[in-house]
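Q: The structure that follows is given in the form of structure tokens.
The values are calculated or read from the model by the stated rules, or taken from the named source; none is laboratory data. All figures in this text were calculated on a predicted structure; none of them were measured in a lab. For neighbour counting, all protein chains shown are included, and Cβ atoms are generated from backbone atoms with ideal geometry for every residue, glycine included.
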Amino acid sequence: MTEKRTDKWWQDAVAYQIYPKSFKDSNGDGIGDLNGIREKIGYLKDLGVDFVWLNPVYQSPNVDNGYDISDYQAINPEFGTMDDMTQLIEEAHANGIKVIMDLVINHTSDQHPWFLEACKGEDNPYHDYYIWSDTAEKPNDWQSIFGGSVWEYVPSLKKNYFHVFAKEQPDLNWENKQMRESIFRMIRWWLDQGIDGFRIDAISHIKKSSWETKARPDWPHSPFTNVKGISKYLKELSAVFKEYDIVTVGEASGVTAEEATERVGNDGYFNMIFEFEHISLWQRDKNEAVDVVGLKRALGRWQRALDYGEGWNALYMENHDVPRSVSVFGNDAPQYWARSAKALATMYLLLQGTPFIYQGQELGMPNMTFTAIDQLDDVTAKNQIKALLGEKDQATKTLEILELMSSVSRDNSRTPMQWDWSDNAGFSTGKPWMAVNPNHKTINVAQQIKESSSVLNYYKQLIKLRKTKDVLAVGHYEDYLPTDEHVFVYERFLEHERVLVIVNLTKESAEITLPQTVVGKSWSLLLTNMEEDKETSAVTETVTEKMTIAPYQALVYVHN
Ligand code: NOJ
Ligand code: CA
């Protein structure tokens, strides 16, 4: 192994995303908190995690669970104190784990002092920190991402302010230099507290088109997504980041693979971005099969566009905004649940890039079956429910809504982390702020630590594997059989080192014919998610031209 496998520490790292509200409650109030995270540092270390990303823990009225910030430099009391945060950073560091925070700078809360001041009148110095219409009339009919107009009327001013998300999340005016400087001061202040970087929220939206621009018919949010001129602000922002040795990951909705090198290339604004292309494929009719060809195309495109040296990918299959991957890309039926969770893990964790694991994903936590409307919390779920709940036949409607929410709501990924078998899954001794998934009686950390073939132990194996093979750190990517509708076959290669990954992403068994370039080499099996079937020869120890890949089977081979 070479001494230094990658240029940067974060290229050789595995990240773990923590949704603090649902991770671990330390004081029995039912809400996860910073001291709860401190209790679990050992767990993260054992898993093999190098850095964590915390969803927002700043002061917030929680209309959008912390993405509406009312004080950037204060910790939300429900999560703890600034001292707790300092301790968390110190203890994580002592255990070799870095900490990055969420940076929400496209908008604030409508309770932020800047906005309260801004509403006092046009003469107020903070008025121009936000975006206003000239008159009482809405300047256009643009639709916000959370539904309804982007404009909200303020009667005392007889003007509207602009918001890309909920109306309680007014957008900051990036055209205003003082505003930008206030934000940059705040960023430096946090970095001086010793954090190791940021995940940057909603950054594609900081620049808006001129008001008369029409939204693209296929894309209602086009007038405020990656608008020309955005680079001026991204450049200023990245200059601040570059004053520090940190990692930055931009949330980059709407950025295409072709545009990606500008964002993350050698002179890019961020170290990595979360692309939306592959993840958006979860949005399909429940009865339709996963678009395996589309998934391969999307991931392959990003692998090629940001190859080591050109850029760098952030790899992910889950976050707090999408339903659980095993339920949408895998298969949560009992016979396939564990196997498909492991198949997905194999498929994405061995790509080139920095993998992010979202809390509970390493257990194969599936979606929740919501049984009452008041179990839903997310602002977008609530908006959708309000719209769906018509006048008549509430009972049937409610059932339909619950079924829908159990498959599409962001709340699916926000149920409490499942630590053990006890009533509240070991998450809290009090009443959890959000319903615990009843399946914690079988799916939980304590159980999976005991079982050698658990999803959790499989994740640990994959993480170890990544860290022991240079080719998995910086090796290039090539895929085969792009039109095969079941199986994802790709190779990682670096000089003479090669790893071959074969994953069936469907519930049908599939016959594949591998090209001579692959078959002509000698391979031996490194890892499979069907260890228990090895004796019955359902798993082949080596690669042959024709292979039958069982449903959700994953095979990893190394070139001898
Ligand atoms: C993206 C975040 O991930 C999401 O949770 C939030 O609702 C929006 N940005 C608005 O901040
Ligand atoms: Ca708590």
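Q: Just to be sure, is F488 surrounded by fewer than 19 Cβ atoms within 10 Å (Cβ to Cβ) and modelled with pLDDT of 95 or more?
A: Numbers: surrounded by fewer than 19 Cβ atoms within 10 Å (Cβ to Cβ): no; modelled with pLDDT of 95 or more: yes.
Here the answer is no, as F488 does not meet what is asked.
Q: Of the numbered conditions (1) farther than 29 Å from L462 by Cβ; (2) at pLDDT 95 or above, G360 fails exactly one; give the number of that condition.
A: Going through the list (1) farther than 29 Å from L462 by Cβ; (2) at pLDDT 95 or above, G360 breaks only (1).
Q: Return the residues of region 249-289 that are touching a strand residue (DSSP E or B) at 6+ places or on another chain (Cβ under 9 Å), assigned to a helix (DSSP H, G or I) and among the hydrophobic types (A, V, I, L, M, F, W, C); say none if nothing qualifies. Full working, then the answer.
A: Our first condition is that a residue be touching a strand residue (DSSP E or B) at 6+ places or on another chain (Cβ under 9 Å); within region 249-289, this holds for 249-255, 260-261, 263-266, 268-276.
Going one step further and asking which of them are assigned to a helix (DSSP H, G or I), we end up with 260-261, 263-264.
Once the filter is applied, which keeps residues that are touching a strand residue (DSSP E or B) at 6+ places or on another chain (Cβ under 9 Å), assigned to a helix (DSSP H, G or I) and among the hydrophobic types (A, V, I, L, M, F, W, C), region 249-289 yields A260, V264.
Q: Only one of T396, T380, T415 is of a type in the set (S, T, Y), assigned to a helix (DSSP H, G or I) and touching a residue at least 40 places away in the same chain (Cβ under 8 Å). Can you tell me which? Before you say what the answer is, go through the steps one by one.
A: On the way: T396 fails: touching a residue at least 40 places away in the same chain (Cβ under 8 Å); T415 fails: assigned to a helix (DSSP H, G or I).
The match here is T380.
Q: Are any residues in region 11-34 closer than 19 Å to E78 by Cα, of a type outside the set (V, I, T) and either assigned to a loop (DSSP other than H, G, I, E, B) or more than 16 Å from ligand 1 (Cβ to nearest atom) (or both), and if so, which ones?
A: Y19, F23, K24, D25, S26, N27, G28, D29, G30, G32, D33, L34
Q: Any residue that is surrounded by fewer than 17 Cβ atoms within 10 Å (Cβ to Cβ), away from ligand 2 (no atom under 16 Å from the Cβ) and more than 20 Å from V249 (Cα to Cα) - is there at least one of those in region 186-203?
A: No.
Q: Looking at region 229-248, which of its residues are in a helix (DSSP H, G or I) and either in contact with a helix residue (DSSP H, G or I) (Cβ under 6 Å, 6 or more places away or on another chain) or of a type outside the set (D, E, K, R) (or both)? Steps first, answer last, please.
A: Going residue by residue through region 229-248, those that are in a helix (DSSP H, G or I) are 230-241.
Of everything in region 229-248, those that are in a helix (DSSP H, G or I) and either in contact with a helix residue (DSSP H, G or I) (Cβ under 6 Å, 6 or more places away or on another chain) or of a type outside the set (D, E, K, R) (or both) turn out to be I230, S231, Y233, L234, L237, S238, A239, V240, F241.
Q: Need the failing condition index for K208 against (1) of a type outside the set (A, V, I, L, M); (2) part of a loop (DSSP other than H, G, I, E, B); (3) touching a strand residue (DSSP E or B) at 6+ places or on another chain (Cβ under 6 Å), just the number.
A: The failed condition is (3).
Q: Out of everything in region 362-385 that is polar (S, T, N, Q) and more than 16 Å from ligand 1 (Cβ to nearest atom), what residue ends up being surrounded by the fewest Cβ atoms within 10 Å (Cβ to Cβ)? Spell out the reasoning first.
A: First, the residues of region 362-385 that are polar (S, T, N, Q): 367, 369, 371, 375, 380, 383-384.
If we keep only those that are more than 16 Å from ligand 1 (Cβ to nearest atom) too, we end up with 367, 369, 371, 375.
On the way: N367: 23, T369: 16, T371: 11, Q375: 18.
Within region 362-385, the match that is surrounded by the fewest Cβ atoms within 10 Å (Cβ to Cβ) is T371.
Q: Can you pull out every residue in region 51-75 that is of a type in the set (A, V, I, L, M) and away from ligand 2 (no atom under 16 Å from the Cβ)?
A: Residues satisfying the conditions are V52, V63, I69, A74.
Q: Kindly evaluate N319 against the criterion of being under 16 Å from the mean Cα position of the chain (by Cα) and either within 16 Å of ligand 2 (Cβ to nearest atom) or surrounded by fewer than 22 Cβ atoms within 10 Å (Cβ to Cβ) (or both). Give the steps one after another, and end with the answer.
A: Details: under 16 Å from the mean Cα position of the chain (by Cα): yes; either within 16 Å of ligand 2 (Cβ to nearest atom) or surrounded by fewer than 22 Cβ atoms within 10 Å (Cβ to Cβ) (or both): yes.
So N319 fits the description; yes.
Q: Which ones in region 71-109 are within 26 Å of A252 (Cβ to Cβ) and within 16 Å of ligand 1 (Cβ to nearest atom)?
A: Passing the criteria: Y72, I100, M101, D102, L103, V104, I105, N106, H107, T108, S109.
Q: Looking at region 244-262, which of its residues are at pLDDT 95 or above and over 18 Å from the mean Cα position of the chain (by Cα)?
A: Hits for region 244-262 are Y244, D245, I246.
Q: Of all the residues that make up region 193-207, how many are more than 10 Å from ligand 1 (Cβ to nearest atom) and among the charged types (D, E, K, R)?
A: 2
Q: If N160 satisfies all but one of (1) within 16 Å of ligand 1 (Cβ to nearest atom); (2) part of a strand (DSSP E or B), what's the number of the condition it fails?
A: Among (1) within 16 Å of ligand 1 (Cβ to nearest atom); (2) part of a strand (DSSP E or B), N160 violates only (1).
Q: Here's another thing I want to ask about it. With the requirement that a residue be more than 16 Å from ligand 2 (Cβ to nearest atom) and either assigned to a helix (DSSP H, G or I) or closer than 16 Å to Q87 by Cα (or both), what does region 35-50 give you? I'd like the intermediate steps shown before the answer.
A: In the first step, residues of region 35-50 are kept if they are more than 16 Å from ligand 2 (Cβ to nearest atom); the result is 41-50.
Those that are more than 16 Å from ligand 2 (Cβ to nearest atom) and either assigned to a helix (DSSP H, G or I) or closer than 16 Å to Q87 by Cα (or both): I41, G42, Y43, L44, K45, D46, L47.
Q: Can I ask one more? Just give me the residues in region 82-102 being without any contact (Cβ under 8 Å) to a residue 40 or more places away in the chain and under 20 Å from G28 (Cα atoms), in sequence order.
A: Scanning region 82-102 gives M82, D83.
Q: Every residue in region 20-30 that is near ligand 2 (Cβ under 7 Å from one of its atoms) and surrounded by 24 or more Cβ atoms within 10 Å (Cβ to Cβ), please.
A: Hit for region 20-30 is D25, nothing else.
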